[in-house]
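The values are calculated or read from the model by the stated rules, or taken from the named source; none is laboratory data. Remember, predicted model here, so these are calculated numbers, not experimental data. Positions of Cβ are generated from backbone atoms using ideal geometry, with glycine treated the same way; all protein chains shown enter the neighbour counts.
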Amino acid sequence: MTLNKPLKIKMQEADNVAVIANEGGLKAGTVFEDGFTLTTDVPQAHKAALVDIPKGRGIVRYGQIIGYAKKDIPKGSWIDESLVGLPPAVDVHQLVYKQAEIPAREPLKGLTFQGYKNPDGSVGVLNLLGIHTSVQCTAGVLDLAVKKIREELLPKYPHVDGVVALKHAYGCGVAINAPEAKVPIRTIKNLAKHPNLGGELLIVSLGCEKLRPEVVIDGNPRAVEIVLQDKAGMAASVAAIVKAAEPILERLNKRTRVTCPAADLVIGLQCGGSDAFSGVTSNPAVGYAADLLERAGATVMFSEVTEVRDGVDRLLPRCANAKVGKRLLEEMQWYDNYLTMGGVDRAANTTPGNKKGGLSNIVEKAMGSIIKSGTGTINEVLSPAERPTKKGLIYAATPASDFVCGTCQLASGIQMQVFTTGRGTPYGLAMAPVIKVCSRSAVAKHWPDIIDVNAGRIAEGDATIESVGKEIFALILAVASGEKQTWAQKWKIYNDLCVFNPAPIT
């Protein structure tokens, strides 16, 4: 709905700014119920100064200085991002771990979903045929084979949800023995073990690549390899892939869903196209759902290093122990060094869309981003594409890029992802359902057949963080059980896998 009265949202008592909630923004001269008056036009989701903010004084949102005024900012005026100077980053070398007291919460017992049990003990929420590549050279041939499989074979196997080509830009022309080559190699190996692929492994190699297929196979007894250089021509290559796929499809088609505890879920959390409402509506609601998942015994991963970097001092006390805290700081330091080698810093993260949506800089963005992690204890910290060894809340370090983060989280074993957005995006993953939660009702109205949950209702008073959080949690269980599909699934919107490669390309 469109708000009938002017509404501003102040996050914490210490804040000297508030975000304008009304769709379309508000005009100069608008008077609020408390007597506060706008002296300039302010767009929706952008900040208005609640007091005079002198040049050099801190601009405070979420109880945090998100920047410094570059010039005097009068009370009631729009704080455009050009007025906000970026504060220095938190010095991770100076942070000292001190565990916060996080109250014990009553477990949620008896919650289940209908999933597919795998030979390794993991559980899938989809029943997919995955065909892997060991090198990008084989991608074109695989595309032809997948088209043929979809058209000629899949109709015979109605219990198989689809076929996915796991293509990537790695495998050759790379420094395969460089220290950081472990990241892309680990990613590709772990993608091959994804729980929605049923433990099956069909891999297409060229025959001369640096990333040897046996590395990806990693001892999987069910693995089948097709070597294109061993085949006499294109037609023979495509036919070999199709032939190898059929017995796998026959096995997958015999699988049935069984009742599984909610503790078997591994859910990824991500945001993209964020705005200033993301930290007010969608991310807090997802955080509430994350707490429910944790109480149910599930595994929940949040990520995106640059989008938590400026909130690391708030996350550190939530780490389960000093060892986990040390790992969190190590991942922040590693990424600082990675950006420095590229000649940039964390400020390079914020996009034009973020700024148009009211986010002045990466500090403000990070404050809203970390809220989606909920309030629980961080039990483990993973390097990019590592698999967790614990349950509960996990910090899985990844780049913030939607597609790279999504690929890393898939490699870490998420069966499903909850993705929040303030600006809107058609993002989707072929290997895992993506539930999209928007921060503003305007986005839900603009894209009614892309957004799954409208958290903008919270700002309008039509819902609460708790009610939307419970709605997201219920939708997770329904999608995991195959009872509902996300919009991305219905449209078959699938972004490419983007393997993070911090090592040299030769």
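Of all residues in region 340-359, count the ones that are under 20 Å from the mean Cα position of the chain (by Cα) and among the hydrophobic types (A, V, I, L, M, F, W, C). Residues in region 340-359 being under 20 Å from the mean Cα position of the chain (by Cα) and among the hydrophobic types (A, V, I, L, M, F, W, C): 3 in total. Pairs needed: first member in region 142-166, assigned by TED's automatic domain parsing to the domain that holds L202; second member anywhere, in a helix (DSSP H, G or I) and among the basic types (K, R); C-beta distance under 7 Å; at least 6 residues apart or different chains. Final answer for the pair search is V163/R150.
Condition check for P221 on (1) assigned to a loop (DSSP other than H, G, I, E, B); (2) of a type outside the set (V, I, T); (3) closer than 30 Å to G422 by Cβ: one failure, at (3).
Checking each residue in region 321-334 for being surrounded by 18 or more Cβ atoms within 10 Å (Cβ to Cβ) and either of a type in the set (F, W, Y) or over 17 Å from H93 (Cβ atoms) (or both) picks out only V324. Can you name the residue in region 355-368 that is out of contact with any Gly (no Cβ under 7 Å at 6 or more places or on another chain) and crowded, with 24+ Cβ neighbours inside 10 Å and is also nearest to V418 (Cα to Cα) among such residues? Top of the filtered list is K365. Scanning region 279-314 for residues that are more than 20 Å from E466 (Cβ to Cβ), polar (S, T, N, Q) and assigned to a helix (DSSP H, G or I) gives a single hit, T306. In summary, helices (runs of 4 or more DSSP H) completely within region 397-506 and bearing 3 or more residues that are farther than 23 Å from D291 by Cβ and aliphatic (A, V, I, L, M) occur at 402-411, 441-446.
Would you be able to tell me the number of residues in region 383-396 that are buried (at least 23 other Cβ atoms within 10 Å of the Cβ) and closer than 18 Å to F500 by Cα? Final tally of qualifying residues: 4. Do we have V418 as among the aliphatic types (A, V, I, L, M) and over 17 Å from the mean Cα position of the chain (by Cα) here? Answer is no for this residue. All conditions in (1) under 24 Å from the mean Cα position of the chain (by Cα); (2) crowded, with 22+ Cβ neighbours inside 10 Å hold for L202, with the sole exception of (1). Consider region 1-33 and keep the residues that are surrounded by fewer than 17 Cβ atoms within 10 Å (Cβ to Cβ) and of a type in the set (D, E). The one that is farthest from G58 (Cα to Cα) is E33. It is to be established whether one or more residues within region 236-253 are more than 29 Å from N454 (Cβ to Cβ), in contact with a Leu (Cβ under 9 Å, 6 or more places away or on another chain), of a type in the set (S, T, N, Q) and surrounded by fewer than 24 Cβ atoms within 10 Å (Cβ to Cβ). Checked region 236-253: at least one residue is more than 29 Å from N454 (Cβ to Cβ), in contact with a Leu (Cβ under 9 Å, 6 or more places away or on another chain), of a type in the set (S, T, N, Q) and surrounded by fewer than 24 Cβ atoms within 10 Å (Cβ to Cβ).
Taking the numbered list (1) polar (S, T, N, Q); (2) free of Cβ contacts under 8 Å to residues at least 60 places away in the same chain; (3) within 30 Å of E483 (Cα to Cα) in turn, Q114 passes all entries but (2).
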